[in-house]
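Asker: Let me begin by handing over the structure; questions about it come next.
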Amino acid sequence: MKKTSLALAAASLLAAAGANAQSVEIFGILDSGFLRVNSDGNGSISKVGSDGNLSSRIGFRGVEDLGGGMKASFWLEGAINPPDGSAGTTSTTNQPGGTAGGGGLVFGRRSTVSLSNSLGELRVGRDYVPAFWNLSNFSPFGTNGIGASNFLFYPVPSGARITHVRASNSVGYFLPKLGGFYGQAMLASGNNPSTAGAKSDDGNVSGLRLGYEQGPFNIAAATTRTQNVTLGNYTQRNVGASYDFGVVKAMALWGENITGTQKTSTKLIGAHIPVGVGQVRLAYSSLSATGVANDASHLALGYVHNLSKRTALYGHYARIDNKNNGKTFDLGQAVTRAGGSSTGYEFGIRHSF
Amino acid sequence: MKKTSLALAAASLLAAAGANAQSVEIFGILDSGFLRVNSDGNGSISKVGSDGNLSSRIGFRGVEDLGGGMKASFWLEGAINPPDGSAGTTSTTNQPGGTAGGGGLVFGRRSTVSLSNSLGELRVGRDYVPAFWNLSNFSPFGTNGIGASNFLFYPVPSGARITHVRASNSVGYFLPKLGGFYGQAMLASGNNPSTAGAKSDDGNVSGLRLGYEQGPFNIAAATTRTQNVTLGNYTQRNVGASYDFGVVKAMALWGENITGTQKTSTKLIGAHIPVGVGQVRLAYSSLSATGVANDASHLALGYVHNLSKRTALYGHYARIDNKNNGKTFDLGQAVTRAGGSSTGYEFGIRHSF
Amino acid sequence: MKKTSLALAAASLLAAAGANAQSVEIFGILDSGFLRVNSDGNGSISKVGSDGNLSSRIGFRGVEDLGGGMKASFWLEGAINPPDGSAGTTSTTNQPGGTAGGGGLVFGRRSTVSLSNSLGELRVGRDYVPAFWNLSNFSPFGTNGIGASNFLFYPVPSGARITHVRASNSVGYFLPKLGGFYGQAMLASGNNPSTAGAKSDDGNVSGLRLGYEQGPFNIAAATTRTQNVTLGNYTQRNVGASYDFGVVKAMALWGENITGTQKTSTKLIGAHIPVGVGQVRLAYSSLSATGVANDASHLALGYVHNLSKRTALYGHYARIDNKNNGKTFDLGQAVTRAGGSSTGYEFGIRHSF
């Protein structure tokens, strides 16, 4: 959210007057739509769903100027599910069993307090892990809806991949923009006592991301590792790049998910093609697996029609093919038969505030 | 919430400046009071309660002008219980077992995103079912406190009447005001997969409401049907009307609740009588039942004293009489003996923001 | 939050324009840091924790001028845990088993609606009990972090001390400032029906606080009693005083916690010492116990460095010594061995908005 000098002047005036109501910005997204997925040999589902285009959320954030180039800021953001008004959950420990929320509002998408200056930003709290960002930034559909390739997070035992998007109890450092270079380092704690023995380090997370952006070109590599003595340490690694030719923005992404017993490797190519006020999206990804998983492929085609900067209509088509009878990948609706294929479409509205 | 040109000008200025904080309105109600209910032969309760006058809530909403007469808007509203600060729950499936929230804040009162223009409003999300509105608009006490006649929702197995006020996963259409006519149509999904077999359609909801308002006169009819193969389909039907004579606004309401095994029919008459800055409220309703329920009657008298447009004090007296030993209707406090009567009073404060 | 005439003028302007968005203030605190506690003979814990300096929260509040010196106001404030974004719980009954929230946002810190004028304030809802305030105001570390002496709430069976900080379903009265005198009276209900028999009065709370503040001197005494027929009635009593010499603000506090079977008595002395933009904090408390508890002592040293009025960095050191093998007091991390000692430090950032 850019603010011009006019808004800043108004904010300063109010700040000078001692009113802090202006120091908090409320923001959010509601994304609702209709979804239908058909699976060969395992039924179908038609439903009113959410988050086909972007993740629905509500949040509160603000920035305080401390003087001398230093700023303090906070960010509280929680997931919501617009079709029913429920909210989300968070992990308190980065381990199985540490779930909190029960469907009530928690700031599980991001809950951070930061100090920043020209040397970068120090950020404490619950935040995205470094290896998440490439999956979102270099995939045409981000990580939302049936157009997103969920290969990039799977398969790993679900208890081990609690941190595949975010980690709690983290301390992060973000590089300032240095001639095109950007980066993030993170350490997070599982908050176990020493009496937990071999499990003392469970839920501890470390990660790193480095990127370079210049004009139309952007590239980044990242890795994140979460310790878990029972389930096996979980490592996420990926490299993504994009080039904006103007008539098309091309993207490529490679990612791995590894635990002691499982490893998957995914390659994705895709594009954003501007068409008037809209955007066509294309993505194809293929996964090769070692361990319990099978190989699979995913194809997606979509169109996003912007009614304004804040509001868009969208429609997606996607198909997934499982190559044999191992782990069954699906379009997020749990209706795909092992070894089978699944096709779906969704359309909806996304409104930001 | 009316906004004059001054506020709109200020909002436009900020919007032009790129600040979106002004695009969100925070609103709500806190209603707390003291309640005492006596039951013949089954004890009594005295407590600090809530929602005697209006339902307590907190919410966030906003409207975006898309140009060309089109608007996008959102509405997130959740229940709160001011005496203890707890929040609410919502249903994710319009069926038993789909409850979310656990007492934390959920936007279970309303969670919608809309597109509207001169042809009407298309609304997606969790919203009031069509058959709810008449029960609120043509009843002197609305659906709040001991003055409200809860006959109008009962008796139906509680699992079947999950949608007696709202439905999740809904798509609604609202007529624009057409020479006094108004209306709402709703379809909602239980979001079951085809593999659910006979239960595939459980939680699917359809409803319709049509009304006409001209000067002091207002009339509306509505019906809502929720599918449930185990508990029986649930149908709510009602017709209400009001006429504002100036010295008194008279109201009449007829409503039915039907499942496969149960049916109740309720008639209500009542009035609002303006008295200075306050309002006297009167209501009498009688219920005739088929199936497990008994006949019953409900009488209520109340006064609301407005301290301002936003804040009021209120006091209510109510009495319920059960005609025999079937289903026991009570004043919402579960202390009425089967076949017995129950009397109560409550007084409190309602503050809107 | 002081508002000068400029902000008030702006608020009036908007209020006159019918915009109510300005009638709600969003406020809060995020306090996150690193904590390490070592226990002799029972392990240690290192973690990213919260609330070392002040309790993290988010809230909404507002005041309406009703004219004639009368005001209506509301306050909704809930706990948050910034390291993971989870929220809190509340008690609906002031008794065991009445917990709501499940980690989602509840306004369990304070949920009140008030009417006030020159005769004082009448406040309804969930609020601090009278005996809480002295423990916060006359203790150098308040009730937060390892610097706070948790002796002042313990030991009492946890089910009995649900109201040691706040009570739900309360009606409170606050004296206006009368030549230095201040005070609070509270009655709260457990909301049990008469059919609960001997437990009908469980969760009922009564309390009183009286204080006097003049120039650098401040003194207050308070008591709160919660009824519970099974666990024994719980009484909290305390007296605190402070004197601000300028170079040092000295504090003294005496407090008791009593149930039928347990009684502890705590004496605390401490000081705030201004040092530039910062503040050194010192506290020593000793506890003598009757019943199951042992005697114990607690020493704390801290420094708070203010980066602005809204943001501070802090560091604390604390040590606790248990005198024998009864109830084990710890630094809030459950790693202290019965009869043993425990030392810890924490540092963090606290940001208000």
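The values are calculated or read from the model by the stated rules, or taken from the named source; none is laboratory data. Keep in mind it's a predicted model, so treat the numbers as computed, not measured. Because the Cβ atoms are built from the backbone with ideal geometry, glycine has one as well, and the counts that use them run over all protein chains shown. Side chains included, ligands, DNA and RNA excluded: accessible areas come from the protein's heavy atoms. Shrake-Rupley method; radii C 1.70, N 1.55, O 1.52, S 1.80 Å.
Asker: Using the alpha carbons of the stretch A:132-186, what is the convex hull volume per residue in cubic angstrom, as a whole number?
Answerer: 100 Å³
Asker: Here is a follow-up. Give, as a single signed number, the net charge of other residues whose beta carbon lies under 15 Å from the beta carbon of A:K177, with Lys and Arg counted +1 and Asp and Glu -1.
Answerer: Around A:K177, the surrounding residues sum to -1.
Asker: Expressed in nm to one decimal, what extension gain is obtained for the pair A:D65 and A:V248 from 0.36 nm per residue of sequence separation less their Cα-Cα distance?
Answerer: Fully extending the segment from A:D65 to A:V248 adds 61.9 nm.
Asker: In the protein assembly as shown, carbon and sulfur make up what percent of the accessible area (probe 1.4 Å)? It would help to have the intermediate numbers written out before the result.
Answerer: On the way: 23690 of 40160 Å².
Percent of accessible area from carbon and sulfur atoms in the protein assembly as shown: 59.
Asker: Same structure, new question: From the C-alpha coordinates alone, can you work out the Kirkwood hydrodynamic radius of the stretch B:115-272, in Å?
Answerer: Taking the inverse mean of 1/r over all distinct Cα pairs, the stretch B:115-272 comes out at 16.4 Å.
Asker: What are the trypsin sites (Lys or Arg not before Pro) within the stretch B:248-322 that DSSP puts in a loop, where the Cβ has at most 10 other Cβ atoms within 10 Å? Let's see the in-between values first.
Answerer: Working: sites: B:K249, B:K263, B:K267, B:R281, B:K309, B:R310, B:R319; in loops: B:K309, B:R310.
Passing both the DSSP loop test and the Cβ count: B:K309.
Asker: Can you give the local net charge around C:G240? Use residues other than it whose beta-carbon is closer than 12 angstrom to its beta-carbon, Lys and Arg +1, Asp and Glu -1.
Answerer: With Lys, Arg at +1 and Asp, Glu at -1, the neighbours total +2.
Asker: Hey, with R₀ at 45 Å, roughly what FRET efficiency would C:V280 and A:N233 work out to, going by the Cβ-Cβ distance, to 0.05?
Answerer: Computed FRET efficiency for C:V280 and A:N233: 0.55.
Asker: Something else about it: Among C:G145, C:G203, C:G102, which one shows the biggest mean-square fluctuation in a GNM of chain C, springs joining Cα atoms closer than 10 Å?
Answerer: C:G102
Asker: Evaluate the relative contact order of chain C (contact order divided by residue number), counting alpha-carbon pairs under 8 angstrom at least 6 apart; express in whole percent.
Answerer: Working: 1009 pairs, mean separation 55.1, N = 353.
Result for chain C is 16 percent.
Asker: Still on this structure, please answer the following. Most mobile of B:S56, B:S136, B:S297 per a Gaussian network model of chain B (Cα springs, under 10 Å)?
Answerer: Comparing B:S56, B:S136, B:S297 in a Gaussian network model of chain B, the most mobile one is B:S136.
Asker: Put a label point 7 Å from Cα along the Cβ direction on A:S288, then list its distances to the equivalent points in the other copies in nm, shortest first.
Answerer: Once sorted, the set of distances for A:S288 reads 7.8, 7.8 nm.
Asker: What's the magnitude of the charge dipole for chain C around its Cα centre, counting Lys and Arg as +1 and Asp and Glu as -1 at the beta-carbon? Answer in Debye, nearest 20. Let's see the in-between values first.
Answerer: Working: 29 positive and 19 negative charges, 37 e Å.
So the dipole magnitude of chain C works out to roughly 180 debye.
Asker: Residues of the stretch B:121-150 losing 30 Å² or more of accessible surface, assembly versus chain alone, probe 1.4 Å, please list them.
Answerer: In the stretch B:121-150, residues shielded by partner chains: B:V124.
Asker: Can you tell me what the convex hull of the Cα atoms of the stretch C:267-353 projects to on average, as an area in nm²? Please report the intermediate quantities before stating the final value.
Answerer: Details: hull surface 26.2 nm².
Over all viewing directions, the stretch C:267-353 projects a mean Cα-hull area of 6.5 nm².
Asker: Right, something else. Taking the axis that carries chain C onto chain B, what is the nearest Cβ in chain C, and at how many Å, to the whole number?
Answerer: Closest to the rotation axis on chain C: C:G104, 1.
Asker: A follow-up question, please. If the label for C:G97 sits 7 angstrom from Cα along the Cα-to-Cβ line, what are its distances to the same label in every other copy, in nm to one decimal, shortest first?
Answerer: So the distances to the same position in the other copies read 2.8, 2.8 nm.
Asker: In whole Å, what are the extents of the stretch A:22-164 along the principal axes defined by its C-alpha atoms, from largest to smallest?
Answerer: Largest to smallest, the principal-axis extents are 65, 33, 32 Å.
Asker: How far is A:H305 from the same spot in each other copy, in nm, shortest first, if each label point sits 7 Å from Cα toward Cβ?
Answerer: Label-point distances to the other copies, shortest first: 5.7, 5.7 nm.
Asker: What figure, in Å² to the nearest 10, do you get for the accessible area of B:Y303 with a 1.4 Å probe and non-protein molecules left out?
Answerer: 80 Å²
Asker: Continuing with this model, one more query. May I ask you to work out the translational diffusion coefficient for the protein assembly as shown at 37 °C, viscosity 0.692 mPa s, via Stokes-Einstein with Rh from the Kirkwood sum over Cα pairs, reported in whole µm²/s?
Answerer: Numbers: Rh = 31.1 Å.
Translational D for this selection: 105 µm²/s.
Asker: Summing -39500 (n - 2.57) over the DSSP H runs of n ≥ 4 in chain A and dividing by its residue number, what mean residue ellipticity at 222 nm do you reach, to the nearest 500 deg cm²/dmol? It would help to have the intermediate numbers written out before the result.
Answerer: Numbers: 2 runs with 18 residues, N = 353.
The per-residue figure over chain A is -1500 deg cm²/dmol.
Asker: Please check the stretch C:79-101 for residues whose accessible area, probe 1.4 Å, is lower by 40 Å² or more when all protein chains are in place than in their chain alone.
Answerer: C:P83, C:D84, C:G85
Asker: Next question, about the same structure. Calculate the translational D of chain B in whole µm² s⁻¹ from Stokes-Einstein, where the hydrodynamic radius comes from the Kirkwood formula applied to all Cα pairs, the temperature is 4 °C and the viscosity 1.567 mPa s.
Answerer: The estimated diffusion coefficient comes to 60 µm²/s.
Asker: Also: Given the pairs A:K71/A:K249; C:K249/C:K327; C:K267/C:K327; A:K71/A:K177; B:K47/C:K263; A:K47/B:K71, which span a C-alpha to C-alpha distance of over 28 angstrom in this model?
Answerer: A:K71/A:K249; C:K249/C:K327; B:K47/C:K263
Asker: List residues of the stretch A:252-266, by number, whose backbone nitrogen lies under 20 Å from a label position 7 Å along Cα→C-beta of A:F217.
Answerer: A:252-254
Asker: Rounded to a whole number, what is D in µm²/s for the stretch A:213-338 from Stokes-Einstein with the Kirkwood radius over alpha-carbon pairs (4 °C, 1.567 mPa s)?
Answerer: The calculation lands on 77 µm²/s.
Asker: Could you give the accessible area per residue of chain B, probe 1.4 Å, as a whole number in Å²?
Answerer: On a per-residue basis, 38 Å².
Asker: For the stretch A:258-305, what is the Kirkwood hydrodynamic radius in Å, using each pair of distinct C-alpha atoms? Could the numbers behind the result be given before it?
Answerer: Values: mean 1/r = 0.0802 Å⁻¹.
Answer for the stretch A:258-305: a Kirkwood hydrodynamic radius of 12.5 Å.
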